[in-house]
Amino acid sequence: MSVLKSSDDHREYLIRSSCNGDSGKRSQIWNPQNGLLSGDAKYQEMAEDEMAESQLADQGHMVDTSKAFKIRDELNLIVTQDGKVTFKSRDEVIWSRDESLASVTAVEIVKLPEDMRDKFGMKKTIVLLTENGKLFGMDTFTGDVNWSLFDSDLATSNNKFTASLKVAKQSDESASESRIMVVHSNGIVLSINPVTGDLIDKKRLPASIKQVVQTEAQSDDDIRGIIILDTENNVHVYPDSLEDSVRQYIDKYYITIVEKYPASLEGYKFRIENNKIVPKLVWTFPINSTERIVNLSIKKIDEEVHSPARVLGDRGILYKYVNPNVIAIMTQGTTNEVCSPEYSINIYLVDGVTGALVHSVHHPKSRGPSNMVHSENWLVYSYFSTKNRRTEVSSLELFEGVTQVNSSAFSSLSRSHIKPKLIEHKSFIFPSGINAMVDTVTLRGMTHRHIIVALPSGGLLEIPKIFLDPRRPMTMLLEHREEGLIPYMPELPIPSESMINYDQSLMAVRRITTSPAILESTSLVFAYGLDFFFTRVTPSKTFDILKDDFDHILITGVLIFLVVASYVSKLLAQRKALHAAWK
């Protein structure tokens, strides 16, 4: 363990070294007055007998002793195991900040009970899971951290394990009833309250977790469970009280196992054998050995599809191919040439129940970075074209045709539902790189979809889905205008007025999460990376909100006049009827 002391300015101290030199080491340093990074400073290592102050505890947190620094007598910089950085003078905390928030790995936006949220449903709790295993509950209105919970068993910083969040219940009545599950691939499952941060339950499985699927079955207190398949092919139901309910419909659940490299895709179904739930391999999807999976996208389990068809300009109907079981997979292929290998991007749309190939696309001389958005009957994805040296965005839409096979329910096991009859596909040039991409979601799915794109320059761009419509025609006809299509142009614009973060640059955005509000017109957007950014967007404008300049006085006056006029008319009609009766 190296404990370091500043030799330039006792008011500043180092946090990490950057290089070596004859005159000493150099590092980035922090100003202890505000906790902000400043310039470079030289330091020298302390003797072993000066390390005693590093063995400190910070408000009950376990200190990572390899990151405890003594600046000078009674001045200490402490980095705890949960990522909290604290600067202390004697027993007084000068400043403290949580650096683990710079490495968020999973996010879920959870709604609050009625007595805690606003009337439009925009006040929610953002649950964040970080690499070192710390959970946070953040307020969407203020950005304040309401609660935090640390568990070292949830750490994923070594890239060996992964962790995910599953919303089990969002209560409208009581904050104590909400539940969210944290599933770690090392076999740890946590159940916590996303509103208060209380740990409800923790379970350790005997083996690592291979895959998880959320069930429709609910416990007596309306908590949705999960089915877990571990690396020893044992099946677990969590919580345990749901196992009997899951057993009744176990043949309806399918699970897909994806291995990125070497690329493989397998589908399992469940059945009961010897009074035990066991998995059965039902299909495998062949992927070339020269390919590796670089991206995967599945549809949201609670996705709302407002309209099952598109109305054409000639008043015809084009029915969407809405298969909830389709998995979108992107692979990157490489030739065996060592000096100058050629790359390619391949898109596979695979039915997760039968393993059937719904559609595939091949893009030669292309590679990552890549992003995908998969929703309803369409897929939007980006990649880098090595041939043209530019980022390209492609859009796919799948249709059943002019007749709908089954209007009541979709079944992947029905032969008529295996493949779409019509597929539209177009590609566009995007004048910038893309860090992350997601679509807006609303409560009922009635509002137009927009695509939110994070740019390397720090911008957050909102692109109307109509610009990415693969049915954009080369030559405009009257029926195209009737349908509301716009002419095809290969370049996608980046207008400054479409930047939803305005002048606030967002650095190194890794992902974007969207969530619906109670207002159908509004979608909530949360982008995270080194920075956090939360906002709301209205893709179809605020059609369900009165404008600020709405003339309430005029409308009130008109209503009063109509009520008075109705009453007077009634009296006059009664008087006229009475006079007519006496004649």
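Nothing in this text is a laboratory measurement; each read-out follows from the coordinates by a stated rule. These numbers come from a predicted model, not from an experiment. FYI the Cβ positions are ideal-geometry reconstructions off the backbone, even for glycines, and counts take in every protein chain you see.
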### Query
Once you put a point 7 Å from the Cα of K260 and another 7 Å from the Cα of A580, both along the Cβ direction, what distance in nm separates them?
8.3 nm
### Task
Quickly work out the D551-to-V93 label distance, labels modelled 7 Å from Cα along the C-beta direction, and quote it in nm with one decimal.
5.7 nm
### Query
Would you list L357, L413, L129 from fewest to most Cβ contacts within 10 Å?
L413, L357, L129
### Query
Based on the mean of other beta carbon atoms within 10 Å per residue, what is the order of 541-553, 103-115, most packed first?
103-115, 541-553
### Query
Cα-based Rg (one decimal) and Dmax (whole number) for the range 291-430, in Å?
16.5, 56
### Query
How high is the FRET efficiency from R390 to F543, r the C-beta distance, R0 45 Å, rounded to 0.05?
0.75
#### Entry: Coil-residue trypsin sites (Lys or Arg not before Pro) of the range 327-392, DSSP, other Cβ within 10 Å capped at 14
K365, K387, R389
### Query
Working from the pairwise distances between different alpha carbons, so that the mean of 1/r is found and then inverted, what is the range 258-302's Kirkwood radius in Å?
12.8 Å
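Going by how many other Cβ atoms sit within 10 Å of their own, how do T140, T80, T556, T162 line up, fewest first? Intermediate values should be presented prior to the final figure.
Working: T140 21, T80 25, T556 10, T162 13.
Going from sparsest to densest Cβ surroundings: T556, T162, T140, T80.
Would you kindly state how much longer the chain becomes between V558 and D244 on full extension, computed as 0.36 nm times their sequence separation minus their alpha carbon distance, in nm to one decimal?
Values: separation 314, 0.36 × 314 = 113.04 nm, distance 6.12 nm.
Stretched fully, the V558-D244 segment lengthens by 106.9 nm.
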### Evaluated at q = 0.28 Å⁻¹: base-10 log I(q)/I(0), Debye formula over Cα of the range 319-369
-1.01
### Message
Tell me which of G187, L455, Q504 sits at the most positive position along the dipole axis of the chain, charges placed on C-beta atoms (Lys, Arg +1; Asp, Glu -1).
### Response
L455
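Quick check on packing: order 433-439, 255-261 by the mean number of other C-beta atoms within 10 Å, highest mean leading.
Details: 433-439: 20.3, 255-261: 15.0.
Sorting 433-439, 255-261 by mean packing, highest first, produces 433-439, 255-261.
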### Query
Using the alpha-carbon atoms, what tilt in degrees (0 to 90, nearest 10) does helix 552-582 show relative to the longest principal axis of the chain?
20 degrees
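Can you give me the relative contact order of the range 332-399 as a percent, contacts being Cα pairs under 8 Å and 6 or more apart? Let's see the in-between values first.
Details: 119 pairs, mean separation 14.4, N = 68.
Relative contact order comes out at 21 percent.
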### Query
When only C-alpha pairs under 8 Å and at least 6 residues apart count, what is the relative contact order of the range 291-430, in percent?
22 percent
### Query
How high is the relative contact order of the chain, given as a whole-number percent (alpha carbon pairs under 8 Å, six or more residues apart)?
6 percent
### Task
Pull out a ≥ b ≥ c, the square roots of the eigenvalues of the alpha-carbon gyration tensor of the range 127-234, then state rounded if a/c is under 1.5, prolate if not and a/b is larger than b/c, and oblate in the remaining case.
oblate
### Summary
Low-density loop chymotrypsin sites (Phe, Trp or Tyr not before Pro), the range 155-259, at most 15 other Cβ within 10 Å, DSSP non-H/G/I/E/B, are Y249
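Sort M138, M489 so the one with the fewest other Cβ atoms within 10 Å of its own Cβ comes first.
Details: M138 22, M489 12.
So the ranking, lowest neighbour count to highest, is M489, M138.
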### Task
Could you check the simple spin-label distance between D314 and R204, using points 7 Å along Cα→Cβ, in nm with one decimal?
6.8 nm
### Top positive-direction residue, dipole computed over the range 459-545 with Cβ charges, set P493, F533, L468
F533
### Task
Once you've got the Cα coordinates, tell me which of K280/K419; K300/K465; K123/K203; K166/K276; K111/K269 are over 22 Å apart.
K280/K419; K123/K203; K166/K276; K111/K269
